[in-house]
Structures are given as structure tokens and as C-alpha cells.
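Visitor: After the C-alpha cells below, expect a handful of questions from me.
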Amino acid sequence: MFNNILLTVDYIAIVYFVIINVTYIILNFVAFFSIRKNQLKKDLLDIDKTFSSEFYKPLSIIVPAYNEQETISENIKSILKLNYPEFEIIVVNDGSTDNTIEKLKEDFNLKTFNREYTRDIETEEIKNIYKSLSYPNLVVIDKENGGKGDALNAGVNVAGYPLVCNIDADSLIDSQALLRIVEPFVNDWRVVAAGGTVRIANSCKVENGKVKKVNLSKKHLVRMQVIEYLRAFLFGRVGWAGLNSLLIISGAFGVFKKKHLIKAGGYNTNTVGEDMELVLRLNRKMNKSGRKYRIVFLPEPVCWTQVPEKLKTLGKQRKRWHQGLGESLFYNFQMFFNYNYGTSGLVAFPFYFFIELLGPILEVFGYISIILTVIFGIGGEGVVLLFLFSSIMLGILLSLTSLLFEEMTFRKYEKTKDLITLSFTAILENLGYKQINSIWRFIGLYKLITRNEEWGLQERNSFEE
Amino acid sequence: MINYLNILIYFLSFSAILIFLILIVFHLKLKYNELQIETIQEEYSAKISSYMEENINLEEAANYFTGDINYVFLKEFFNPYLKKYEGKKFKRIKTLIHRIGLIEYYRSKLKSKNRKEKLRAASFLGKLRDSDSLDNIAKLFDSNKKLNIITAAWAISETGETRYLKPVIKALFNKSNMTYEAITELLVNFGEEMCDDLIKYINLYFDSKSYFINNFKSEDFKVLSVFVDIFGFFRYEKSLKVLVKLLDKNIDPEIKIHIFKTLFKIGKPVNADLLKFLKSDNWVIRSQCTKYIGKIGAAQYSSYLVRLLKDENWWVGYYAARSLWKMNKIDIMREIIINNKPGAKMCEYIFAQHNFKYLQEGQ
């Protein structure tokens with residue numbers, strides 16, 4: 001009996017590994033062709049011309065900040081230098097307990113300003129709105145603490161332009177990124193939201209708030225995340241978008257039509273995954289309204305962020321992300337296998353639910369079960385091990401494919417040495433890192449069920465250090 | 001079972017090694033190509049400079065480039081020059097491109113069955129303003145693929161041939177998902193000369209309400225909004241008459257907003273009673289009309305602007321105060337503040353914006 005249970009769990013876990021890897025390989029291929037199509041479009045249509053006259057859509061950039069005194073000024077200065085014809089930056093100080101607001105007042109010559117705004121979305125109280133005398137397009141909101149979602153909502157209320165862009169205070173944006181991410185809003189009236197790619201900035205050479213040279217970090221943990229970001233956050237998301245089923249736009253860099261964001265009710269303040277939850281809700285509301293809509297993901301507008309370099313911090317981040325994923329899915333569960341939402345409801349949502357959310361249960365129990373099968377020698381362990389080895393090989397194949405596609409499209413890592421290192425990382429990542437990740441996600445799932453919320457603050461360094 | 005699994009593992013391992021090798025070979029090949037291109041580009045750029053400065057003649061320059069039959073590379077190489085040059089310089093570089101045989105090559109590609117080649121050819125010939133290719137480029141409008149439509153429309157607009165204006169507008173409204181802004185952006189490529197055609201179309205619309213539906217297969221408000229924006233872009237004073245006539249018609253409020261924005265850009269007074277627009281139910285019309293009145297300094301509306309200072313919409317109040325400031329009605333504004341009348345805060349705000357101290361010493 002025990003043997004049978006063990007073997008059944010083994011096989012289920014292995015089938016799960018195969019499904020997840022095959023799905024991602026398919027998504028990678030969809031993404032590859034989607035990127036090639038995008039590049040053809042880029043060759044044919046001159047983006048500079050799209051924004052050369054006065055018909056562009058002005059943009060409000062919302063930057064939520066909580067205890068960011070070390071990096072906030074440097075990052076705002078880099079955002080102020082972005083290439084876009086007309087934009088305002090709305091920094092929202094979400095009740096920081098450090099000197100963020102004082103630092104902003106000092107560095108940007110802020111003065112109180114009686115700017116009119118509508119309370120379209122309920123938020124915590126706004127204490128003051130400041131305008132910079134040195135930078136006319138910089139507005140700072142000082143409000144009571146309410147969390148990231150609440151800060152973003154306050155920014156949306158104050159935003160004066162039809163498009164709003166959320167950027168994390170600790171991220172760097174490529175100079176052309178805003179033009180590229182807004183382009184779909186101009187060329188396709190159906191577009192209501194667009195997400196950009198997030199890449200890893202650790203060890204990159206940063207000058208004046210711009211990534212000047214892409215370097216590969218010497219730290220193994222960061223390299224593992226580089227492969228992970230390529231596979232899941234770049235090609236995975238482009239692939240889902242190619243199937244018109246994108247369910248997430250990263251909180252680090254996304255643009256929304258303000259009107260629809262407000263109609264959807266703004267960011268949910270009761271979840272740690274407010275970025276995914278918003279996109280799911282937007283899908284629901286747009287679908288209900290009957291208006292044709294598209295949510296797109298662009299691989300080229302790039303936002304650079306620092307990823308954790310310590311296992312403990314990374315673990316906290318992953319547990320939080322998993323909790324956020326679960327909350328987002330549960331808040332919008334009516335999409336589950338709902339044919340009204342097309343592939344989003346029938347394929348993407350169930351994939352996120354069974355494979356991404358519940359997957360860690362199978363992964364963790366699967367690994368335990370395989371180890372027990374081998375230890376107790378219950379028979380059939382040879383087959384089980386070979387199966388496990390095949391699924392690991394499939395994972396390696398997937399990571400290498402992502403790397404090849406990266407080289408065939410964006411080529412951010414120019415050095416041959418870096419590519420070879422990344423190839424070996426693609427192998428190593430499957431032998432330890434993925435398993436640890438499964439455990440973190442499993443704990444995240446447990447915390448979701450027990451409603452044990454933990455807010456992880458990541459240690460950040462100044463980009464130029 | 002074990003045998004099958006072994007085969008599978010061999011297959012996956014072989015695939016992984018193969019992908020790794022492809023990755024490295026591909027990477028090294030690209031690096032090598034980049035180095036080559038860098039060197040060639042430097043040499044070519046020097047030659048172009050000599051040719052543009054008339055240090056070498058057409059034959060010499062053409063002979064130099066004719067040796068390179070990599071037309072795709074040449075197209076990429078010449079693209080920035082086509083963007084950069086205008087007038088005589090543009091003609092000079094175009095003559096060279098023609099002499100090299102690049103235009104003929106891409107004209108033939110325009111007839112190719114390969115869609116990508118066809119689109120790239122259309123885009124390049126558009127940048128070259130090659131009028132002889134227009135009929136073939138326009139054939140792309142027969143397709144239902146949006147990228148074909150947009151590429152063809154951009155290419156044709158860049159040639160500035162207004163005889164294609166109508167089919168381009170029709171295709172953009174019916175076969176693309178472009179926003180008004182994008183359509184306007186594209187159409188302005190045709191140049192100011194197209195404005196007379198647009199006035200002609202609007203006059204035909206005045207004669208027959210179904211003109212836009214019949215000829216552009218699109219609703220009036222969409223077409224009119226774009227046309228009005230184009231007049232604004234070119235600050236086209238000759239359009240004032242049709243704009244005023246449109247304001248008198250019972251048209252979509254959205255078009256009226258576009259008209260006031262255009263009137264603001266042109267910045268000339270019109271022979272129309274604007275009071276009814278200041279009284280409009282639509283706050284955007286009120287605000288835009290107020291802004292326009294400030295721009296042209298129409299002082300006859302100042303007493304109504306004072307009433308609008310206390311408008312329920314902040315922007316209307318703001319533009320009313322700004323217009324009063326522009327019309328130099330400082331005394332009125334000061335009096336409102338001193339007596340704390342409705343609108344005092346807005347007047348104070350405008351004074352602060354201009355760093356104007358409205359209180360005299362002792363007050």
C-alpha cells in the first residue's frame with residue numbers, strides 16, 4: 001500500500017515536471033516568433049516619428065516610495081532624464097518612517113501646491129502635495145502609510161494625464177523604454193495595459209541613472225535569477241501575451257489607460273500581489289463591459305532592477321510572490337475555466353492555478369517521495385530515477401533554449417565568456433536552485449492558507465556603487 | 001520502459017548539447033559580422049561625406065558602392081541619411097541610391113511573394129519618396145493584415161502624393177486599429193498641401209451628410225476630429241471658415257473640443273459668438289473655449305470669465321483666471337481677492353504662478 005502511494009506520487013510529480021517544462025518550451029517558441037514579428041514592426045515603423053509631433057499621449061509616471069532615502073533622489077533624477085515628449089512624475093511617499101520626504105524636499109526644492117484631484121479611488125489620507133520648483137514636471141504626494149497598492153492609487157487620483165505608468169522607486173528605465181511601451185497605445189485603440197520586461201541590474205555598469213554596460217554578476221544566486229528571469233519573466237510572458245492571455249504585468253514597470261484602471265477600481269490594497277490582481281480584474285471588467293481590449297507585453301522596453309543577492313532575502317521575496325499569486329487568483333476565481341475569457345480563462349488561469357500555484361505541493365512531495373522510493377528500495381526506483389533525470393534534462397533544455405532565443409533577439413550579454421557561464425548556470429539551476437525555490441513557494445502557499453502575511457524589505461544598494 | 005527512458009535521456013542530452021553549440025557558434029558569427037560591418041560602415045560613411053560635399057562625383061561614388069551587392073545592408077546603411085537630409089541633399093543621396101540600383105532592386109521586391117520582403121521594400125521606397133512605386137504600394141491596401149495597411153499608409157504619406165490621400169484615410173479608418181492620434185500623426189506626413197483637400201471634403205460633407213460614410217466608410221465624428229487636428233498641426237488659417245461653420249452645426253461635442261484646441265493653436269479671432277460655448281454643459285468645451293478666449297484676448301467675454309472663476313470644474317476656473325491674467329484684467333482679479341469673492345483662490349493661484357504681488361504696501 002505504502003509502496004503504491006509512493007510510486008503514484010512519484011509519477012504524478014514527474015508528469016507535473018514534464019507538463020511545466022513542455023508548456024514553457026511551447027511558450028518560448030510562441031515568444032520567439034512574437035518577438036521576431038515585433039522586430040519586423042520596429043523595422044517598418046519609425047518610432048521617433050510616432051512621437052515627433054504633438055499627437056503623442058502624455059503620461060503620468062507614478063513612483064511609490066517607502067523608506068527609500070538612500071536611492072530615491074538618484075532614481076528620480078534618472079526618470080526625469082527619460083526620453084518622452086510630455087510626462088509628469090508623481091512620487092508617492094507612503095508614510096515612510098525614514099527621511100525620504102525630507103530628502104526629496106531638499107534635493108528637488110519642493111513647495112506645497114494646491115493641486116486639484118478627484119478621489120476616484122479611496123486611499124489613505126493625503127497629507128500634502130508638493131511641486132518642485134526646479135523640475136516643473138515633478139509632483140510629490142506625502143500620505144499616510146497604506147501599502148504599495150494604496151500609494152499607487154493615490155498617484156492615479158492625482159495623475160493628470162490619460163496614461164499612467166507605475167515604476168518602482170528602485171528600478172532604472174532604459175531611455176527609449178517609455179516611447180516603446182506607449183507605442184501600442186497609439187497604434188492600437190484596443191490596448192488598455194502594457195507591460196515591459198524587467199531585467200537584472202546587479203553588477204551592470206550604471207552612469208547617470210542609465211545602464212551603460214550589461215555585466216553578468218559573479219554571484220551564483222544572481223546568475224540563477226538571470227536564467228529564471230529570461231525563461232519565465234521574458235519569454236514566458238511574451239508567450240502568454242502572444243496567445244492573448246497575459247495575466248500579469250510586473251509592478252516594477254507597466255502602463256495603463258487611467259480611465260480603465262479607475263473603472264476597474266484601482267489597485268487592490270488587501271494583497272501583496274497587487275500587480276497581478278489588477279491585471280486579472282482588468283480582464284474581468286473589460287470582458288464584462290463588452291469593449292474590445294488587449295493587454296500587451298513588450299519585450300524591449302526594459303526596466304532594470306536589483307535582485308536579492310542573499311538566499312534569505314530571495315526566500316522572503318519568493319514566499320511573498322507566491323502568496324500574492326494565490327491571493328490574485330482567488331480574488332478573480334470566476335475566470336477559472338470560464339470560456340467567456342477565451343484562452344485566458346481556459347488555459348492561462350488554470351495553468352497559473354494548477355501548475356504555478358499548486359505546483360510546489362507536487363514538487364516538494366514529489367522530491368520527498370522519490371528520495372523515499374530510492375532509500376527504501378521499494379522497486380521501480382530505476383524507472384523513477386530515469387524519469388526524474390529526464391524531467392531535469394527537459395528543464396535544462398528549456399533554460400538553454402531561452403538563452404539561445406535571447407541571443408537571437410536582444411543580445412544583452414555581449415561577452416562570449418558570459419554566455420558560456422550562463423549556459424552552465426542553466427544546467428546548475430536545475431540541480432538545487434529550482435528545488436529550494438519549490439520549498440519557498442510551498443511555504444508561501446502555506447502562509448496564504450494560514451493568512452500569515454510577511455512583508456519583506458529588500459536591502460538595496462545605490463546603483464552606481 | 002527503461003530502454004525508452006534511456007533513449008529519451010540520450011535525445012534530451014543531445015538536444016541540450018546541440019543548443020549549446022548553436023548558441024556559441026551563432027554568438028561568434030554575429031560578433032564577427034559586427035566587426036566586419038563596423039569597418040565597412042566607416043569606409044562607406046567617409047565616401048558618402050565626400051560625395052555629399054561634392055569632392056567626388058556621382059559615377060565615382062556609385063562605382064564604389066556597386067561592388068557591394070548586399071542590398072539589405074545597403075538599405076540599412078542609407079536609411080539614416082534619408083531621415084537626415086532634406087531638399088537638395090535628399091535629392092543628391094537619392095540619385096546615388098538610384099544609380100547604385102537599390103531602387104530598382106526594391107521595386108522588384110515590392111512585387112515579391114514574400115510578405116516581409118514586400119513590406120520592407122514598401123517602407124524603404126516610401127522613405128525614398130519614390131512616386132513610381134505608389135501604385136504597387138497601394139496594392140497592399142487590398143490585404144486585411146493590419147501591418148500591411150499601416151506600412152503602406154506610412155510609405156505613401158512619406159511621398160507626400162495627395163492623390164492617394166483618400167484611399168489612405170479610408171484604409172486607416174477601416175482596416176487598422178490606429179487611434180485618432182496615430183492616424184493624424186501619419187497623415188501630417190502628406191504636408192500642408194493636403195489641407196485644401198480636407199477643406200474640400202468638409203465642404204462636400206456640408207452638402208451631403210452621408211459624404212464621409214459613402215467615401216471613407218467611417219463615421220463623421222472620427223473623420224472630422226482627425227481633419228480638425230491636422231488644421232491645428234499646420235496652424236492652417238484658411239481652415240477658420242469651415243471650423244466656424246462646423247461649430248454652428250449640431251455635431252458631436254468631441255469635435256467641438258478638437259475645434260477649440262485647433263483654434264487655440266491657430267490663435268486668430270473668429271467671427272462667431274462664443275458665449276454659448278462658455279455656457280456649454282460639457283466642461284471640456286467650456287475650458288477649451290475659455291483657454292482660446294485668453295489666447296486671442298477677446299475682452300468682450302471678460303465679465304463671463306469672472307463668473308466662470310467659480311465653475312464647478314477646477315480646470316474651467318483655472319483657464320478663466322489664466323485668460324483674465326492674459327487679458328491684463330489684474331484689477332478685477334485683485335478686487336476679487338481682496339473682497340474674498342468666489343474665485344479668489346484661483347486668482348491668488350495664478351498670481352502666485354507668475355510671482356505677482358497683488359497687495360500694495362500697507363494693504
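The values are calculated or read from the model by the stated rules, or taken from the named source; none is laboratory data. These numbers were taken from a predicted model, which means no experiment stands behind them. Cβ placement follows ideal geometry from the backbone for every residue including glycine, while neighbour counts extend to all protein chains displayed.
Visitor: Does B:Y211 satisfy the condition of being at pLDDT below 90, surrounded by fewer than 21 Cβ atoms within 10 Å (Cβ to Cβ) and farther than 24 Å from B:Y85 by Cα? So that I can check it myself, show each step before the final result.
Guide: On the way: at pLDDT below 90: no; surrounded by fewer than 21 Cβ atoms within 10 Å (Cβ to Cβ): yes; farther than 24 Å from B:Y85 by Cα: yes.
Taking the combined requirement at face value, the residue does not satisfy it.
Visitor: Pull up the stretch B:1-52, narrow it to residues that are among the hydroxyl-bearing types (S, T, Y) and more than 14 Å from every other protein chain (Cβ to nearest Cβ), then point me to the one that is surrounded by the most Cβ atoms within 10 Å (Cβ to Cβ).
Guide: Going through the stretch B:1-52, the residues among the hydroxyl-bearing types (S, T, Y) turn out to be B:4, B:10, B:13, B:15, B:32, B:39, B:44-45, B:49-51.
Applying the additional criterion that residues be more than 14 Å from every other protein chain (Cβ to nearest Cβ) yields B:39, B:44-45, B:49-51.
On the way: B:T39: 10, B:Y44: 18, B:S45: 13, B:S49: 11, B:S50: 15, B:Y51: 21.
Out of the qualifying residues, it is B:Y51.
Visitor: Here's something else I'd like to know. Give the number of residues within the stretch A:414-424 that are facing chain B (nearest Cβ under 9 Å) and not in a helix (DSSP H, G or I).
Guide: Summing the residues that are facing chain B (nearest Cβ under 9 Å) and not in a helix (DSSP H, G or I) in the stretch A:414-424 gives 1.
Visitor: Test A:F463 against the criterion of being modelled with pLDDT under 90 and touching a Pro at 6+ places or on another chain (Cβ under 9 Å), and give yes or no. It would help to see each step written out before you state the result.
Guide: On the way: modelled with pLDDT under 90: yes; touching a Pro at 6+ places or on another chain (Cβ under 9 Å): no.
Against the criterion (modelled with pLDDT under 90 and touching a Pro at 6+ places or on another chain (Cβ under 9 Å)), A:F463 does not qualify.
Visitor: Also, quick follow-up: Of all residues in the stretch B:150-177 being more than 14 Å from the chain's Cα centre (by Cα), small (G, A, S) and part of a helix (DSSP H, G or I), which is farthest from the other protein chains (Cβ to nearest Cβ)?
Guide: The residue in question is B:A171.
Visitor: Another question about this same structure. Among the listed residues B:S45, B:S50, B:S133, B:S108, identify the single one that is in contact with a Ser or Thr (Cβ under 9 Å, 6 or more places away or on another chain), among the hydroxyl-bearing types (S, T, Y) and more than 22 Å from A:Q39 (Cα to Cα).
Guide: Working: B:S45 fails: in contact with a Ser or Thr (Cβ under 9 Å, 6 or more places away or on another chain); B:S50 fails: in contact with a Ser or Thr (Cβ under 9 Å, 6 or more places away or on another chain); B:S108 fails: in contact with a Ser or Thr (Cβ under 9 Å, 6 or more places away or on another chain).
Just a single option satisfies the conditions, and that option is B:S133.
Visitor: Report, by residue number, each residue of the stretch B:163-181 that is under 23 Å from B:A121 (Cβ atoms) and not basic (K, R).
Guide: B:Y164, B:L165, B:P167, B:V168, B:A171, B:L172, B:S176, B:M178
Visitor: Taking B:F212, is it away from chain A (no Cβ under 14 Å), closer than 19 Å to B:A153 by Cβ and not aliphatic (A, V, I, L, M)? Working first, answer last.
Guide: Details: away from chain A (no Cβ under 14 Å): yes; closer than 19 Å to B:A153 by Cβ: yes; not aliphatic (A, V, I, L, M): yes.
Spelling it out, B:F212 is indeed away from chain A (no Cβ under 14 Å), closer than 19 Å to B:A153 by Cβ and not aliphatic (A, V, I, L, M).
Visitor: Among the residues of the stretch A:386-408, count how many are facing chain B (nearest Cβ under 7 Å), buried (at least 22 other Cβ atoms within 10 Å of the Cβ) and of a type in the set (D, E).
Guide: Result for the stretch A:386-408: 0.
Visitor: A further question follows. So which residues in the stretch B:186-198 are touching a Ser or Thr at 6+ places or on another chain (Cβ under 6 Å) and at the interface with chain A (Cβ under 9 Å from one of its Cβ atoms), if there are any at all?
Guide: B:L186, B:N189
Visitor: Check whether at least one residue in the stretch B:76-84 is under 33 Å from the mean Cα position of the chain (by Cα), touching a residue at least 40 places away in the same chain (Cβ under 8 Å), under 30 Å from A:L45 (Cα atoms) and more than 14 Å from every other protein chain (Cβ to nearest Cβ), and report yes or no. Lay out the reasoning, then the answer.
Guide: Filtering the stretch B:76-84 down to residues under 33 Å from the mean Cα position of the chain (by Cα) leaves B:76-84.
Retained after the next criterion (residues that are touching a residue at least 40 places away in the same chain (Cβ under 8 Å)): B:79, B:82-83.
Checking which are under 30 Å from A:L45 (Cα atoms) leaves us with B:79, B:82-83.
Subset that is more than 14 Å from every other protein chain (Cβ to nearest Cβ): none.
No, the conditions are met nowhere in the stretch B:76-84.
Visitor: So, one more: Pull up the stretch A:409-447, narrow it to residues that are in contact with a His (Cβ under 7 Å, 6 or more places away or on another chain) and without any contact (Cβ under 8 Å) to a residue 24 or more places away in the chain, then point me to the one that is surrounded by the most Cβ atoms within 10 Å (Cβ to Cβ).
Guide: Selected residue: A:L419.
Visitor: Filter the stretch B:312-363 for residues that are charged (D, E, K, R) and not in a helix (DSSP H, G or I); which is farthest from the other protein chains (Cβ to nearest Cβ)?
Guide: Initially, the stretch B:312-363 is screened for residues charged (D, E, K, R), giving B:312, B:322, B:326, B:329, B:331, B:334-335, B:341, B:345, B:348, B:357, B:361.
Add one more test, that the residue is not in a helix (DSSP H, G or I), and what stays is B:312, B:329, B:341, B:357, B:361.
On the way: B:E312: 11, B:K329: 22, B:K341: 18, B:K357: 17, B:E361: 24 Å.
Per the criteria, the residue is B:E361.
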